[in-house]
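The values are calculated or read from the model by the stated rules, or taken from the named source; none is laboratory data. These numbers were taken from a predicted model, which means no experiment stands behind them. Methodologically, a virtual Cβ is constructed for each residue, glycine included, from the backbone with ideal geometry; neighbour enumeration extends over all protein chains shown. What goes into the accessible areas is simple: the full protein's heavy atoms, side chains included, and nothing from ligands, DNA or RNA. Shrake-Rupley method; radii C 1.70, N 1.55, O 1.52, S 1.80 Å.
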Amino acid sequence: MTFKAPDYYQLDELYSDEELLVRSSVRKFVEERALPLLPACFEEGRFPRELIGEMAELGLLGANLEGYGCAGIGPVAYGLALQELERGDSGLRSFVSVQGSLGMYAIYAHGTEEQKSRWLPELAAGKKIVCFGLTEPDFGSNPSGLQTRADTAGDEYILNGNKMWITNGSIADVAVIWAQCDGEISGFLVESGTPGFSSTTQKGKWSLRTSDTAELHLEDCRIPSDCRLPKTTGLKAPLMCLNQARYGIAWGAVGAAMACYSEALDYAGSRVQFGSPISSYQLVQQKLVDMLSAITASQLRCQRLGRLKESGAVRPQQISLAKRDNVAMALECARNTRDVLGANGIMEEYQCGRHMRNLESVKTYEGTHDIHTLILGNDITGISAFGEGG
Ligand code: TGC
Ligand code: FAD
């Protein structure tokens with residue numbers, strides 16, 4: 001099947017030449033290099049490490065950061081790149097989100113000049129991999145209560161605790177670990193191989209199978225005091241990183257929806273039942289139109305969000321709205337496509353089932369759908385409904 005990107009409101013006219021160039025180069029990479037591998041990787045439960053070098057060459061790692069070997073592209077170009085990656089698979093976009101928007105951004109925004117010079121060029125080049133450890137077994141939606149501790153011992157910190165569901169966790173060369181330190185949440189750079197630091201790959205996922213997910217264990221893990229990210233005092237520091245990643249997810253989810261819509265339209269045009277293509281029946285047309293309408297609304301939302309980010313005016317709550325609604329929209333498109341494809345919709349040779357399963361994770365990570373609802377509810381009413389401790 002040839003992918004036909006829906007652009008019903010001619011939004012391409014609103015993108016610059018540079019933005020369209022970024023999109024076309026990532027689209028080519030996904031079409032020619034990633035999609036031939038992804039279905040098999042999904043079946044095997046394997047992250048395609050062999051694609052890291054090419055993604056780095058395309059400037060996709062820390063793409064929207066300035067200097068340190070990063071491409072320095074604008075937010076809209078970055079969004080379009082992530083849209084293309086997630087058109088391939090959410091796991092590919094996850095890798096790029098965690099490497100750039102969470103790990104590299106944490107160092108970029110909160111690190112010393114030495115930390116930035118040491119890590120960012122190699123992370124941008126894909127020679128090193130980073131992960132971001134915020135979530136713990138008992139603290140997911142409510143990271144403010146996290147239990148991992150960093151205690152001062154002379155010119156070292158001693159870290160103890162466990163992290164869970166950490167993307168890139170078992171392949172990372174360095175982990176950004178969020179821990180309680182002197183009564184505040186603070187970030188620490190922990191290198192793989194440090195005594196007392198280990199990871200366990202989380203097996204048995206039926207979603208995001210092309211992504212590496214791991215538990216991280218810290219047991220009397222000693223790190224030099226200059227491994228602390230100095231500008232991290234309080235939950236605001238990791239939440240700033242989450243804004244970057246949630247922004248990318250808002251765009252990425254639209255890519256997954258576009259892949260599903262294109263598949264549904266193509267299939268409906270060629271599948272004949274009762275003597276005619278199923279696309280000639282009103283109920284099928286309604287499903288296709290609902291998808292197109294929802295995708296167009298999300299594309300417009302991304303466009304505006306990107307321009308707001310470009311001008312420095314975007315608010316975290318506006319990002320929450322886009323993450324929440326675009327992911328829900330994409331999940332609905334994946335389910336509708338599965339339906340339009342009938343029995344074939346459950347087969348791995350079609351993409352909709354893989355996207356549908358992936359999007360169940362995307363709905364949960366980076367703040368669940370319901371947490372973003374509460375963030376927005378709080379914003380419009382001024383009343384927090386998170387419950388005690390929220
Ligand atoms: P709250 O009291 O509201 O806020 C604490 C401080 O942070 C500030 N703040 C923000 N700053 C920047 N950006 C945001 N989005 C911010 N939201 C809040 C706030 O102003 C305050 O600052 P200050 O100066 O007064 O101290 O904190 P809370 O404890 O009530 O929690 C708020 C809540 C529930 C919204 C937050 O905890 C939350 O977002 N929870 C969801 C957790 C989450 O998203 N985890 C993601 C883990 S990483 C991940 O999933 C990666 S998957 C990646 C992949 O594979 O692609
Ligand atoms: P919980 O917080 O236990 O929530 C369970 C349910 O309760 C949800 O429906 C939630 O919406 C609801 N709920 C919770 N609180 C409230 C409330 N106050 N009001 C109403 N409903 C509520 N984390 C990282 O730190 N780094 C990573 O790289 C990372 N990668 C991930 C990769 C994958 C594949 C997955 C699945 C998760 C990843 N996560 C990562 C963790 C992710 O951020 C958490 O799963 C997410 O924040 C939700 O936490 P939880 O799973 O503990 O669910």
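Out of Leu208, Leu189, which single residue is more than 14 Å from ligand 2 (Cβ to nearest atom), modelled with pLDDT of 95 or more, of a type outside the set (Phe, Trp, Tyr) and not assigned by TED's automatic domain parsing to the domain that holds Val327? Talk me through it step by step, then tell me what you get.
Values: Leu208 fails: more than 14 Å from ligand 2 (Cβ to nearest atom).
When all the criteria are applied, what remains is Leu189.
Search region 188-209 for residues being away from ligand 1 (no atom under 16 Å from the Cβ) and of a type in the set (Val, Ile, Thr), and hand back the single one that is least open to solvent (accessible area, probe 1.4 Å). Looking at residues that are away from ligand 1 (no atom under 16 Å from the Cβ) and of a type in the set (Val, Ile, Thr), I get Val190. As a summary of the residue check, Tyr350 satisfies the conditions (1) modelled with pLDDT of 95 or more; (2) out of contact with any Cys (no Cβ under 7 Å at 6 or more places or on another chain); (3) within 16 Å of ligand 1 (Cβ to nearest atom); (4) of a type outside the set (A, V, I, L, M, F, W, C) except for the one numbered (3).
All conditions but one from (1) within 12 Å of ligand 1 (Cβ to nearest atom); (2) acidic (Asp, Glu); (3) open to solvent by 50 Å² or more (accessible area, probe 1.4 Å) apply to Asp151; the one that does not is (1).
Please list, ordered by residue number, the helices (runs of 4 or more DSSP H) wholly in region 1-109 having 3 or more residues that are under 30 Å from Gly187 (Cβ atoms). Reasoning before the result, please.
Details: elements: 17-29, 38-44, 52-57, 75-88, 90-96.
Helices (runs of 4 or more DSSP H) meeting the threshold: 52-57, 75-88, 90-96.
Scanning region 142-166 for residues that are among the small types (Gly, Ala, Ser) and within 18 Å of Ala214 (Cα to Cα) turns up just one, Gly161.
No other residue among Leu300, Leu265 is touching a Phe, Trp or Tyr at 6+ places or on another chain (Cβ under 8 Å) and open to solvent by 10 Å² or more (accessible area, probe 1.4 Å) apart from Leu300. Of the listed requirements (1) within 14 Å of ligand 1 (Cβ to nearest atom); (2) open to solvent by 10 Å² or more (accessible area, probe 1.4 Å); (3) within 19 Å of Gly59 (Cβ to Cβ); (4) of a type in the set (Ser, Thr, Tyr), Ser101 misses just one: (2).
For every residue, the table says whether it meets (1) closer than 17 Å to Val130 by Cα; (2) crowded, with 21+ Cβ neighbours inside 10 Å.
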{"residue": "Lys4", "(1), (2)": "no, no"}
{"residue": "Glu13", "(1), (2)": "no, no"}
{"residue": "Gly45", "(1), (2)": "no, no"}
{"residue": "Arg49", "(1), (2)": "yes, no"}
{"residue": "Ala71", "(1), (2)": "no, no"}
{"residue": "Glu86", "(1), (2)": "no, yes"}
{"residue": "Asp89", "(1), (2)": "no, yes"}
{"residue": "Phe95", "(1), (2)": "yes, yes"}
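Considering only region 362-380, I want to know if a residue exists there that is over 24 Å from Glu84 (Cα atoms), more than 15 Å from ligand 2 (Cβ to nearest atom) and open to solvent by 10 Å² or more (accessible area, probe 1.4 Å). Yes, region 362-380 contains at least one residue that is over 24 Å from Glu84 (Cα atoms), more than 15 Å from ligand 2 (Cβ to nearest atom) and open to solvent by 10 Å² or more (accessible area, probe 1.4 Å). A Cβ distance below 8 Å, combined with a sequence gap of six or more or placement on separate chains, defines the contacts here; from region 227-246, residues that are outside the structural domain of Gly154 (by TED's automatic domain parsing) and part of a loop (DSSP other than H, G, I, E, B) reach residues that are open to solvent by 30 Å² or more (accessible area, probe 1.4 Å) and near ligand 1 (Cβ under 6 Å from one of its atoms) in the pairs Leu235/Ser144. Exactly one residue out of Ile223, Ile177 is within 11 Å of ligand 2 (Cβ to nearest atom) and either open to solvent by less than 10 Å² (accessible area, probe 1.4 Å) or assigned to a loop (DSSP other than H, G, I, E, B) (or both): that is Ile177.
Being open to solvent by less than 30 Å² (accessible area, probe 1.4 Å) and at pLDDT 95 or above is the requirement here; does Ala294 meet it? The answer is no for Ala294. Remark: pairs (first residue in region 141-157, over 12 Å from Arg228 (Cβ atoms) and in a strand (DSSP E or B); second residue among the basic types (Lys, Arg) and open to solvent by less than 60 Å² (accessible area, probe 1.4 Å); Cβ separation under 6 Å; 6+ apart in sequence or on different chains) are absent.
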